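I have placed the structure first, in the form of structure tokens, so that the comments after it can refer back to it.
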Amino acid sequence: MIFGVTPVVLAADEGEITVWLDGEMFDFDVPPVIEEGRTLVPMRVIFEALGAKVDWQQDTYTAVAVKGDTKIEITVDNTVMYKNESEIVLDVPARLIDDRTLVPVRAVSESFNAKVDWQADSKKVIITALNEEKNTDNIGNTEPGETENILLSSEDMQKLKDEYDNSLRYGFEQSGLFDAVMADAKPAEKILSQSDEMKNLVFDTWNMNVIEYIIRIQAESNSEYILSVDMGYDDLLSMYMNIVKEAGLEAHDYFDVSYETLSDGSVMLLVTFNNTDTLLACKYIGVVSTPEQQIRYFTAETDELLPDNLLFCEVMADSRSTLGLMGLEKEFFTTMAETILNS
């Protein structure tokens, strides 16, 4: 028998196959292939990542992998794999491609007590180790936002970005930030003292708003998203923030937050957006605390019919009013706020 000459049928559709173990992507020198609906991957990388020690028997073209009490033997071009001397018939055998032995990823992973899923839309093989013994030294190139198998398919990522164009930004401007400020224990006092806590509240409210949309999209998705039951809150938040960053929707990319002291002694927590590329988008949000610690919430919004002006508005718990027109500069916004406060 001449090893490695059996033709391999690759996936007919386009797109690179990627393989992930507990949220981290493998870096293969020979790419995975698909033969008869089964994904084959380089043998040594997958075995060692699953925590097994590997020996290659050149004379028989057989790989022997041992992990604890489990011993796997798999031979190139042979449809029989041995697990602790028991025969397992494979749908497709191991293959020799570009001087690398490729093995069926599902069969070998499940033999070492791992769970394997296939995401057809994104061409991802998702492996979840069902024990604590694994070696990730040969895993690399983790994509932003794709940690611990919390993933967004390309379709779901586009849905998230579409939410920015539709309701995500508008919801933050008109109600999300307003509700967060009003829910704070001492918002007026903190604004008057120009506390960094209130500035951080603005950024955190935006980011959490985006995360809420991500979770909703995942819940409604046809893709399967896997979450470790041992994950703490901080790790979970960090993982979702990676998705926010990957989507280009992190708060710091969209606005700056500062304080402005007004002529009557009021202090404005000022949110200045970098762009106004959506319909009825705010250029400025001003959360004002008067010396009497009364909170007022003002916005300056675009109108496609008035490209050289902004609509100065006030948002309240149960209503929203347009109070006049203003120029595009920040100084017009603070002046309008002072006028309303003194009227």
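The values are calculated or read from the model by the stated rules, or taken from the named source; none is laboratory data. Note that the structure is a prediction, hence the values are computed from the model and not measured. Note: ideal-geometry Cβ built from the backbone for every residue, glycine included; neighbour counts use all protein chains shown.
Just to check your reading of the model, which residue among V19, V108, V92 is among the β-branched types (V, I, T), within 30 Å of N222 (Cβ to Cβ), part of a loop (DSSP other than H, G, I, E, B) and touching a residue at least 40 places away in the same chain (Cβ under 8 Å)?
On the way: V19 fails: part of a loop (DSSP other than H, G, I, E, B); V108 fails: part of a loop (DSSP other than H, G, I, E, B).
Result: V92 is the single residue among V19, V108, V92 that is among the β-branched types (V, I, T), within 30 Å of N222 (Cβ to Cβ), part of a loop (DSSP other than H, G, I, E, B) and touching a residue at least 40 places away in the same chain (Cβ under 8 Å).
With the structure loaded, tell me whether Q194 is within 25 Å of Y213 (Cβ to Cβ) and surrounded by 14 or more Cβ atoms within 10 Å (Cβ to Cβ) or whether it fails that test.
Details: within 25 Å of Y213 (Cβ to Cβ): no; surrounded by 14 or more Cβ atoms within 10 Å (Cβ to Cβ): yes.
The answer is no for Q194.
Between residues in region 291-314 that are in a loop (DSSP other than H, G, I, E, B) and residues that are modelled with pLDDT under 90 and small (G, A, S), which pairs lie under 7 Å by C-beta distance while being six or more apart or on different chains?
T302/A281
Conditions (1) surrounded by fewer than 15 Cβ atoms within 10 Å (Cβ to Cβ); (2) touching a strand residue (DSSP E or B) at 6+ places or on another chain (Cβ under 8 Å), marked per residue:
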position	(1), (2)
D184	no, no
D204	yes, no
V210	no, no
A219	yes, no
I243	no, yes
E246	no, no
Y254	no, yes
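Report, by residue number, each residue of region 321-343 that is exposed (fewer than 15 other Cβ atoms within 10 Å of the Cβ) and in contact with a helix residue (DSSP H, G or I) (Cβ under 8 Å, 6 or more places away or on another chain).
Hit for region 321-343 is G324, nothing else.
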